[in-house]
Each structure stands twice: as structure tokens, then as C-alpha cells.
1. Taking only protein heavy atoms and a 1.4 Å probe, what accessible area per residue, in Å², does region 8-63 have with all protein chains in place?
2. Counting Lys and Arg as +1 and Asp and Glu as -1, what is the net charge of the other residues whose Cβ lies under 13 Å from the Cβ of Thr368?
3. Could you work out how far apart the two model spin labels at Leu92 and Ile253 are, taking each label as a point 7 Å from the Cα in the direction of the beta carbon, and quote it in nm?
4. Quick check on the chain: helices-only [θ] at 222 nm, where DSSP H runs of length 4 and up contribute -39,500 (n - 2.57) each and the sum goes over total residues. Nearest 500, please.
5. May I ask for the angle, rounded to the nearest 10°, between helix 551-560 and the longest principal axis of the chain, with both axes built from Cα atoms and the value confined to 0 to 90°?
6. Quick one: if the Förster radius is 30 Å, what FRET efficiency do Asp59 and Ala232 give, using the C-beta to C-beta distance and rounding to 0.05?
7. Taking Cα atoms, how many degrees apart are the long axis of helix 347-370 and the longest axis of the chain, rounded to 10 and kept between 0 and 90?
8. Could you tally the net charge around Asp43, taking each other residue with its Cβ under 10 Å from the Cβ of Asp43, Lys/Arg +1 and Asp/Glu -1?
Amino acid sequence: MSTVIRGAGYRPDIDGLRAVAVILVVLYHAGAPGFSGGFVGVDVFFVISGYLITRILQDEMGHGAFSLSGFYARRARRLLPALIVVLGCTLLLGAFTALPSDFERMAKAAIATLLFVSNIFFWTEAGYFSPAAESSYLLHTWSLGVEEQFYILYPLFFGLFFRRARQFLVPALTGVALVSLATSVVGSHIFPGASFYLAPTRAWELLAGGLLALSPAHGRELSAAASAAGWAGLAMIFTAAGLYTSTAVFPGIAAALPVLGAVLVIASGNAPESPVRRLLALRPLVYIGLASYSLYLWHRPVLFFFRDYFDDNLVGAAIVGVLISFVLSAASLHLVERPFRSGPMPRSKLRALTAAGVALFVFGGVVTASGGLPFRVAPEIRTMDNIIEARNPRAFSCRTDGAIISSRFCLSSPEGTPSFAIWGDSHALVLSPGIFDAAHGAGATGQLISHSSCPPLFGVTRAGWRNRDCAEHNSKSLQYLEHSSEIKTVIMVARWAGSLNNLQRGGADDIDGDTGNQVFRDSLRRTIDVLLQAGKEVVIVAPVPSVAVEGPKRLVRAKMRGRSGPEPVTFDEFKDQNAEAFSAFEDVVPSIVRVIHPSDMLCDETICAIARAGIPLYYDSHHLTVEGSRFLAPLFQPIFNAK
């Protein structure tokens, strides 16, 4: 997204295409209606970068003028000045506005970005479309990591074939691209996070542009009919930007639409009279394209700053944020990018750039080591922030039992024989502290069996490959519980409504029903029947109310700024959101099965609270904090007091 070619071969229409790409990304992050798939602008950037960098390598190696050190030096001059300025300003802003936990993540992301590994950092942190990612001002820098990691190897690979086996260059690049594409297609289902962020599953997008540059037809003037492909290419890009959403399996085969669109647009530009070429070569678009790197860097920190501060007027915040992003990108282009990119590099500039980079790196390290400079905020805010950030230690310490695959399987106490089991998805994990506290008071030992996104239902699985082992996990879990003589009580916990609509049969031929709701009812009945026939007491934990996305964090940020927090979810909204699950409990669950309602303590007759007495109950939109789980312990005491 940051490669520029000027001179005799300069194509202004490519800068215009770059403008289209960055505008799509900006509108997506601004939440503009009609651009739910604007993130595909990054894929267009990848194609452009692959195309332009291949032209550079082909030209310089063809004339014997290529230098690897010179190549990397130009990349550094192109990328680092604006990047360091934006990272520095973002950290400075964070020092005055961010919660300690957010500031610590921001600093870690800044360090990773300086090292061009932010894609790896964000892959380990959260998915691109997850609510947790919403708080990251620097999430967009992941694409810089992909490009730079690609450019470390690409000149070496390209040069090896160009100099010694030129006839095999295109076949070799084609083979790599096909392997990358196949890995991306499969990986988007099996390991979606890695597939989205990592270079091996994105390389085919850059290579698509590279192979276009090496095409025998490249550089030839195309007929007017062939130039019409440019319109088709733009249509493909805008179709993806308008129709794709955060639920898309991406990149995978879905990314082929914007990638092929970008290839067609660039190829059509070989026709001088192409209307698409003339359109994209308009001066306003070319100027935005020239400033696209700075605009890409600036827009997310600016937009998210205004969103955080003016969350009561998100439309106004988005409009102001977009306008300011454009102003800052223009200033960055003229005052930062161009002075460092053109002409010789005086030692004074080199020293200043190096010193700024080192200072930024050191400051990021200090922020990280201190936990986000917590002294900046009041003790009450630190406490609330720490509660939200705390996670159940069992999420990391539970051992895996060979009989139950892909599960969290551990005891509430290292001593004692378990007399009950908590079985469910991630909600089982987060509710376990409160349940175990209640059990401890009665001298009972319990066992936790949890698998993320896998409700405890026999014979079903969640739609999609991402939960491909859910049915097997539940089958083995149920078999274990059925035949365990020690376990007398099974507590079933899940985000029931979140699972209900995408359930499908998977392993039980006698479960009928085509709809998710019917499959849910049949499987719930079958699972309970198996446990009851095995002599188990069955307890079902009803849905935990969901709150606003980023609600807990927004609440603490609001308190830090002396403002009211986000609107709580009403009790009526909670009932409506979970109506099908509650209906199924009434129709399917036998009267001898106890149903416990967390909403009895989390809600009153009007609202469902995000916090109680200053204690955050959630760490995201639907998972309880450890303190929130323990707040519910009295609800679970009757399970154990009767024994």
C-alpha cells in the first residue's frame, strides 16, 4: 500500500485506484452505511503493491542496477517517517486518554508495528472482527506487517529465478500463489485468525499483482473492448465492499472478488483511452492516492478517538474524524513523507529518524513494563479496569484429559473426588468461579468441561468448519459423564441464544428437524434424557444477559472522564433476545430439572446491569468477569445445600 513508482512508467490511474482502496477502508472504519465490506480495500492495496514492486524488481534487475540494501533503504525511507510520527502521536494521545490496560496494548502494538510484526501480534490478541479488536487504535497496521514480511523474501526469491532460471520465474511464482490461495481457502475455515493476519495466506494477493506485471500482455495497448474490463473490475471491488460483512469467511475464496477486480482495473489501464483509466487519473483521486499511506495510518486512531469521546453522537464523530484524517494525511504527505523520501538523505535526517524510532521503542517498553502507566488514573478506575482484564486462571491452567478432546477439564480443588460437573461452552468457563465458590461452601468438589463455542448438546455441531470437533467433543463428554459413578450432578451452561440459530445435526441420526431451533429442542431433550437415565441430577443455567459491545470498557472510560456510561440493556430486550431459548426450556425441559436464571441477580424489572456497586460484571458483551461470576454464587448454593 506504500509502493510508489514515478517517472516515465508512472501510471496516475494506479494512484487513483489506491485512492479508491483507502476510501473504502476509511468508510468501513467510519461505519458508513453501504460499506460493510470496505475492509477489502486492503486486498486492493496488496494487488497494487505486488504489481508495482514487481515492476521495480524487473526493471532494476533487467538493467543490472538492483541492490538489496538499496531496496530495503528505500522501503525504510518510504515507511518509517510517517509511521513513527503517527505511532508517536497515538501513544501521546493514549497517555492522556487511555485506560491502563488499553494503553499497555497500544504500546505493545506500537512496538510490534515498528518491528513489522504487528500482524502476528494482533493474530495472537484477537480476531480482526472481534469486539476486543474494537478498542485497538493500531489494528490496521497488521497489513504493513504482511507487506514487509513479503518484501523480505520476495526480492530474494525473484532474484534467484530472474538471474539463474528466468524461464521458470512465472511458473514458480504461480505455484507459490496457488499454494498460498489454497492455504487461504482452507485456512479461513480451519484457522480463521491466522489465515486473516499472516503473510503465507495473503501472499497470493500480492503475487496476483506481481504476475500481472510479468504477463506477456503487460505494457501492450489494449483494445477499447478489452479496456471495458476496468468497469467490471471496479464493479467487483465495490460489490465486495457493499455486500461483504464481518461474518464473511475471509480472506479465502471471498477475497478473489476484490483481488481479481483490482487486477482487471490495473490491466485495463494499458489502454490509453480507457474511460476507467481517465476516471482514476482525475487529479483529486490521484492526490488522495499519493497521500493514501498517510491517510491509512492516520484514519483509525483519529476515528476511534472521536468515537470513544463522542459515543453519544457516533455519526457526527465519524464525519469529523474522517475530515480531520484527510487534513492530517495531507500535512503528513508534504511535511513528513516527501522530505524524507526524495533526494539524498542527510545525516541529520537519518539521526533524527533513528533517534525518534529508538525513543518510541523505549517509551513503548516503559509503558508495557509498567502495565500502562496506571498512576495516570484514579485508584477506582484502576480497580475497575483490572477487574475487566482479569481472567479465570482455569482458562490457562486446566489440563486436557485424553478422553475428552479440545476441552478445559479440571477440578475445583486439587483434592477430593468430583461429585458434579460443569459442562458447556465458554460461558461454562466464565461461570465456574461462582459455581465453585458455592460448592466450596458446601464441601463439594466439581469438574469443569468446557469447549469454546460448543454448547453441551448431544448430536449437533455449530455450522462451519471452525467448530468441526464440537460434535465429537460433546459425544465423548456425554459418554464420560454418563458412565462416571462419582459425578452425581451435571450443570449445563451455554450462550444458548448465540448457538441456537446455527446448529446443525452432527452425529445423531435420530435427531430430526431442519431448523436450528428445532435441532436445539430435539438435542436438548435427548441430552437431558441420557443424563437422567444415567441417574444424574441435571441443572440448566439459563442465558446470561448480553450488554452493549464494548459496554464494560465504555463504562470505565466514561467514569474516568466524569461522564455517564452506555445505556444498559432493558429486561424486555433481554427476554426478546432469548425468547426461543426460554420457550424451549418451558416445552422440553422436564420439571425435575432445575433451571437457574442469572438474570434474577443481574437484572431488575427494567434493566440488566453492566456493573454493581462499581464492580464490572462483564469483560465483553456477554462474558462475565471473575467478580461477576462470584457475584452469582448465591444462585448456585441451593444445588449443593440440599445434599
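The values are calculated or read from the model by the stated rules, or taken from the named source; none is laboratory data. The structure presented is a predicted model; accordingly, all values stated were derived computationally and were not measured. Positions of Cβ are generated from backbone atoms using ideal geometry, with glycine treated the same way; all protein chains shown enter the neighbour counts. Note: accessible area is taken over every heavy atom of the protein model, side chains too, but ligands, DNA and RNA are not part of it. Shrake-Rupley method; radii C 1.70, N 1.55, O 1.52, S 1.80 Å.
1. 25 Å²
2. 0
3. Between Leu92 and Ile253, the label points sit 5.0 nm apart.
4. -18500 deg cm²/dmol
5. 80 degrees
6. 0.55
7. 0 degrees
8. In short, 0.
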